[in-house]
1. Does any residue of the range 245-258 turn out to be assigned by TED's automatic domain parsing to the domain that holds residue 346 and at pLDDT 90 or above?
2. Within the range 342-368, take every residue that is free of Cβ contacts under 8 Å to residues at least 60 places away in the same chain and assigned to a loop (DSSP other than H, G, I, E, B) and give me the one that is surrounded by the fewest Cβ atoms within 10 Å (Cβ to Cβ).
3. Whether any residue in the range 252-270 is more than 16 Å from residue 323 (Cα to Cα) and surrounded by 21 or more Cβ atoms within 10 Å (Cβ to Cβ) is what I want to check.
4. Identify, from the list 236, 220, the residue that is under 29 Å from residue 450 (Cβ atoms) and either out of contact with any helix residue (DSSP H, G or I) (no Cβ under 6 Å at 6 or more places or on another chain) or buried (at least 22 other Cβ atoms within 10 Å of the Cβ) (or both).
5. Quick one: would you say residue 151 is in contact (Cβ under 8 Å) with a residue 24 or more places away in the chain, over 16 Å from residue 40 (Cα atoms) and exposed (fewer than 12 other Cβ atoms within 10 Å of the Cβ)?
6. Tell me yes or no: at least one residue of the range 23-46 is without any contact (Cβ under 8 Å) to a residue 40 or more places away in the chain and closer than 30 Å to residue 116 by Cα.
7. Considering only the range 394-413, state which residues are more than 11 Å from residue 330 (Cβ to Cβ), in contact with a strand residue (DSSP E or B) (Cβ under 9 Å, 6 or more places away or on another chain) and either outside the structural domain of residue 259 (by TED's automatic domain parsing) or buried (at least 19 other Cβ atoms within 10 Å of the Cβ) (or both).
8. For residues that are at pLDDT 90 or above and within 25 Å of the chain's Cα centre (by Cα), scanning just the range 364-405, find the one that is farthest from residue 323 (Cα to Cα).
């Protein structure tokens, strides 16, 4: 077996299962091995209800007191019943679980595992996992992986496939997990298909375990220490490979002389004078940096990093205007059709209002064939001098007459190769990338070492700051009342959940969009229109929901973080984020940026479902500040190596395991080691031969894992 083999080479994976794995982005055996668990479950002995703590996941031995009652509430099947541990009673509820009807009969006895709630002084548990005594005994005393799943593919199926792949590539699971070490050389002999990219001297210097052991222990940890060592090794590899690639890109970029020399023209200055608002000092400074790059003779390669609402888009438009007024074309690529359409409409409005020499067109995947053919011709002949769109901009059939400037918005959504493909459309074009999520400058310099960095660290004075509050789950009914009052005023609201749908057991207590949407429809007044939105919906369905919300036809949108980018509804004044403690502060700040975009006061409610002091401490940072850079700095201070798979900063192309906050110190050390490696003979050393092969093979497909 090779790690490049198709997932179908594993026993038990046929056409149907292959498609399910593919839906998760797993196409090869290597994809499977690097599809890491999103967390782990540990199964503790059962406890009595009187010993259990509220809001904690517990296991209870319960007898069913009477047959469960099942009813239909709109499209939701709800089953409820009473159980007893011989001393106290508890209400159990399942949603959309008809398979439980035959099991939940009077006198049946099972072990129930889930989050304990106390409602009106009575015990309750929703959607628990149930086990026979033999099933549960087999789980106690181990850490069991929990994978991100898709409908039709269960956790056990992923575990079975991963174990088979590891046995085929690595061999039997190492037994010395408590020590967490094994010799580097032995590992290579056991797993020749798992080529080592990190030079041996660095492996020894940092005391890293072998790749084979790391993969075994990350999926099937036997001890906590084995898991820690596995994660450290894999985080090191992610950072190391990424930083080496960044350094190589820097060398390439700095040598590029532009094919599109520009002179400063009067058009950008005329536009800024006519705008109904004055640019902030930060905007003026960044524009000067962009203008100097464009007129400096070398290819611009600049990142503009700025908070939500800081005014990055107008800077992009000024850059496009300078390129067009020099006789060239410009392109702006956004990650979603919604965001691309917003940019297009804004630019068209500016063009009409101020009689600019821009001829913008919109190119997205939803443009029909005949219209697309016409757009291709306009772009090819130069009739369209500004092209705004999504990934459709880099399709093979799109050719540009003189593409001098390439702008990517929310650039972490694109891989390096995707940006390169757009840049290649214009030869040695100028590149400007934008990001709305601030990170500490110390980390930005490392992560964006191949680019010049500009920071827009000032918000327009007239913008109303969002009012925030951090509350526990007991405050939820009041939050619903507040949302109702805002809707009655003609406003709209978002409710954010971390999951699309309930997992196999939903034992981790995370709220999900599917069930939450139904419950909210039954809780809010019937005239309030509630709909859901998540990433698993078809593109047309997502667009329809977003358009309806933007038009005001939907009052409350229950969504995952898919709304983090690309939806602008000034009328939305409330955002309520469930399980807020499970998100990174940077992402929470991004989400909060979806409100406060109009003239009315906006409010953000962070629902904290944890009783841990640290969780509340982190969320209070957001409660007291709307400054993204300050939040990023405070997050860096609080975050440390304590929580093994702690709160993630997320992002579509995030690192798989590494976290720039939690692993900030390791990132800094690896940056120094990479610089030293390249200075001491570079990649030409014999020990770097596997690394050279890796970089050469992945030069065109290296993914930009930068989280910002």
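The values are calculated or read from the model by the stated rules, or taken from the named source; none is laboratory data. Nothing here was measured: the structure is a model prediction, and the numbers come from that model. Every residue, glycine among them, receives a Cβ derived from its backbone with ideal geometry; neighbour counts consider all protein chains shown.
1. No, there is no match, as no residue in the range 245-258 is assigned by TED's automatic domain parsing to the domain that holds residue 346 and at pLDDT 90 or above.
2. Result: 368.
3. no
4. Working: 220 fails: under 29 Å from residue 450 (Cβ atoms).
So the residue among 236, 220 that is under 29 Å from residue 450 (Cβ atoms) and either out of contact with any helix residue (DSSP H, G or I) (no Cβ under 6 Å at 6 or more places or on another chain) or buried (at least 22 other Cβ atoms within 10 Å of the Cβ) (or both) is 236.
5. Values: in contact (Cβ under 8 Å) with a residue 24 or more places away in the chain: yes; over 16 Å from residue 40 (Cα atoms): yes; exposed (fewer than 12 other Cβ atoms within 10 Å of the Cβ): yes.
It is true that residue 151 is in contact (Cβ under 8 Å) with a residue 24 or more places away in the chain, over 16 Å from residue 40 (Cα atoms) and exposed (fewer than 12 other Cβ atoms within 10 Å of the Cβ).
6. Filtering the range 23-46 down to residues without any contact (Cβ under 8 Å) to a residue 40 or more places away in the chain leaves 25-28, 30-31.
Going one step further and asking which of them are closer than 30 Å to residue 116 by Cα, we end up with none.
No: the range 23-46 contains no residue that is without any contact (Cβ under 8 Å) to a residue 40 or more places away in the chain and closer than 30 Å to residue 116 by Cα.
7. First, the residues of the range 394-413 that are more than 11 Å from residue 330 (Cβ to Cβ): 394-399, 401, 408-413.
Imposing the further condition that a residue be in contact with a strand residue (DSSP E or B) (Cβ under 9 Å, 6 or more places away or on another chain) reduces the set to 394-395, 398, 401, 408-412.
Listed by number, the residues that qualify are 394, 398, 408, 409, 410, 411, 412.
8. Checked the range 364-405; the qualifying residue farthest from residue 323 (Cα to Cα) is 389.
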